[in-house]
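Below: one structure, written as structure tokens.
Laboratory data are not the source of any read-out in this text; all were calculated from the coordinates shown. Small disclaimer: the values here were computed from a predicted structure and weren't measured. Every residue, glycine among them, receives a Cβ derived from its backbone with ideal geometry; neighbour counts consider all protein chains shown.
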Amino acid sequence: MDILDIADLHHIYRGHEGETIALAGVDLVVSEGEFVAVIGRNGSGKSTLAKHFNAILLPGGGRVLVAGLDTREEALLWPVRQMVGMVFQHPDNQIVATVVEEDVAFGPENLGVPTAEIIARVDASLRQVNMEDYRTHAPHLLSGGQKQRVAIAGVLAMRPRLIVLDEATAMLDPIGRSEVMNTILRLNREEGMTAVLITHHMDEAVKANRVVVIDQGQIVLSGTPAEVFSQYELLEALGLDVPVAAKLSILLAESGLPLPANILTAEQLVDELCRLN
Amino acid sequence: MPIKLEQVDFVYAGGSPFERAALKGINLSFLDGEFVGIIGQTGSGKSTLVQMLNGLLKPTRGTVTVNGLVTTAKGVKLKSLRQEVGLVFQFAEYQLFAETVAADVAFGPENQGVPASEIAARVDQALLNVGLPLEIKERSPFELSGGQMRRVAIAGVLAMNPKVLILDEPTAGLDPRGRDEILSRIRELHRQRGITVILVSHSMEDVARLVDRLVVIHGGQIVYDATPREVFAHGSSLKTYGLGVPQATEVLGLLKTKGWAVPEVALTLDEARQAIVRAYQLRRELA
């Protein structure tokens, strides 16, 4: 079953300076077990799109089906919200409790899950993000990466079908970023969790199965990381970029080194360079 | 406007059960016209440190001297200090509040008592300095893109004509083009107006290509204070501090372990390109 099935989605924001078209006919299907990265410049419509995944926003035109449920149906609001967990940019804005385990329990408590089951879910979720040693710690004393992992655990405790990270690494230091990325990669690859990652970091997008590029409210490019990041000129015209290793490979190819065109990571680049001899 | 920190300690919530030392024995000076980067893990003390530099926080022990004024001295005028040491916070666009861009940027100089006749010129200059078109002046700041809002907020600080500009993560959350635009404007400001720039960043790539001097802070203490080239030669210790090296340096490190004759550090992609091409040619000659 498709976790997300979005057809001809439109969204218009109405402000006192008139209307802004944020989404202008987006079609997107995300299947169970996929890991999709969404990239696009500020104001391209990425976050607006993400807010349609769990009915924070409702379609101005078109429709969004979450595991077959139409977000426009008010009666389905809670089932939809439970299936799609969101992690946002600011770790401090999404932590509600003063103890890690209570924070993780907040979601299932609100769903009316029985206490014994909540305890089991909190244990399991903290283990999934490798934070079980911190269950009685105060969240505000954790590092940024640890806070975001607690936020992910809080989402996992609601047993979602899809986890959405909306620039969840933007405020983190390099180690915090890799902690969050490794957590998501492990959840996706080992536990089959479906994930959508919205990011400005091309080096994170490379790790997804599929990269979707949004510009002016429309999907302009979609494919494997290798396919998308081979479109260097188009991405640059859209105000985006390619991963650092890909850029260095292009520079080296321009200097006459016979490198293949689809290099995306530092490790691939080094392997290909060593193969040249 | 030199800034000097001597034996600075800072303790949050001193005397309470939540007491925590954020800075320990910091000795650091910033000279006129320097472009300095500060890197460190979340919670390492970076933000506490920069708030010392304009008197927003005062040291628990030790002294901070800004242009000869000790911030903890009795009767010191911190207001003028804050105008000369401009601090742009993280996600500065959240502090925008006025109805128009022009009114928002004018707020600082108005409070400084700058004559009304001069304010318009200051606003224009500040907007040009951050690369925004003057047509934007009468628009609401809230209807701009994220990158533009961030630049309006920086213009608001520049309009006070600071001699030192401190930026805390000025590019967090911006797309690649927005990031490059802001950084190149900051570099121009530094070159053309000669103001001291202190850049707090999580991006090793950005500090590597921009700053002349890099300060690394860990656990409230300074662990490195040197050129980026010297600092990034310590890749494995940087990792234990929750940091890293620019990817250009990382590629060279991986090649070195495979026996390539490359230097340890490259600060820019172009530098890495040249090093790899040289090493490649050398390997072909030897083969």
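Couple of notes before you dig in:
- Computed from backbone phi, the HN-Hα couplings of segment B:154-169 come to 5, 4, x, 6, 5, 5, 8, 6, x, 8, 10, 10, 10, 10, 9, 6 Hz, rounded to whole numbers (Karplus: 6.51 cos²θ - 1.76 cosθ + 1.60, θ = phi - 60°; Gly and Pro given as x).
- Chain A: relative contact order as a whole-number percent, Cα under 8 Å and 6+ apart: 22 percent
- About its Cα centre, segment A:38-80 has a charge dipole of approximately 280 debye under the convention of +1 per Lys or Arg Cβ and -1 per Asp or Glu Cβ, with nothing else charged.
- For chain B, averaging the sequence separation of C-alpha pairs within contact (under 8 Å, six or more residues apart) and dividing by the residue count gives a relative contact order of 21 percent.
- Normalised by residue number, the volume inside the convex hull of the Cα atoms of chain A is 145 Å³ per residue.
- Stokes-Einstein, applied to the Kirkwood radius of chain B over Cα pairs at a viscosity of 1.002 mPa s and 20 °C, places its translational diffusion at 105 µm² s⁻¹.
- Long-range Cα-Cα pairs in segment B:43-122 (distance over 19 Å), rounded percent: 50 percent
- The Rg/Rh ratio of the protein assembly as shown, with both radii computed over alpha carbons and Rh defined as the Kirkwood radius, is 0.97.
- Taking Cα atoms only, the orientation of helix B:116-129 departs from the longest principal axis of chain B by about 20 degrees.
- Altogether, the Stokes-Einstein calculation at 10 °C and 1.306 mPa s, with the Kirkwood radius of segment B:156-287 over Cα pairs as Rh, returns a diffusion coefficient of 96 µm²/s.
- Normalised Debye scattering of segment A:189-264 at q = 0.18, 0.20, 0.22, 0.25 Å⁻¹ gives log10 I(q)/I(0) of -0.74, -0.88, -1.02, -1.22, counting only Cα atoms as equal scatterers and leaving out solvent.
- Shape metrics for segment A:40-114, restricted to C-alpha atoms - Rg then Dmax, Å: 14.6, 43
- Rounded to 5, the percent of DSSP beta bridges in chain A classed as antiparallel: 60 percent
- Relative contact order computed over segment B:246-287 (Cα-Cα under 8 Å; 6+ residues apart), in percent: 37 percent
- Charge dipole of segment B:246-287 (Cα centre as origin; +1 on each Lys and Arg Cβ, -1 on each Asp and Glu Cβ, all else neutral): 220 debye, rounded to the nearest 20.
- Nearest 10 degrees, 0 to 90: helix A:100-110 Cα axis against chain A principal axis: 70 degrees
- Here segment B:246-287 yields Rg over Rh of 0.97, to two decimals, using C-alpha coordinates and the Kirkwood radius.
- The charge dipole of chain B, taken about its Cα centre with unit charges on the Cβ of Lys, Arg, Asp and Glu (plus for the first two, minus for the last two), comes to roughly 680 debye.
- Pairwise centroid distance, computed over Cα atoms, of segment A:152-181 with segment A:189-217, Å: 12 Å
- For segment A:1-125, alpha-carbon Rg and Dmax in angstrom: 16.7, 52
- Peptide B:90-99 - average C-beta neighbours from other chains (10 Å radius): 1
- Reduced Cα scattering model of segment B:76-226, Debye log10 I(q)/I(0), q = 0.15 Å⁻¹: -0.77
- The calculated 222 nm mean residue ellipticity attributable to helices in the protein assembly as shown amounts to -11500 deg cm²/dmol, summing -39500 (n - 2.57) over DSSP H runs of n ≥ 4 and dividing by all residues.
- Once the gyration tensor of the Cα atoms in segment A:72-150 is diagonalised, the equivalent ellipsoid follows with semi-axes of 23, 16, 10 Å, ordered largest first.
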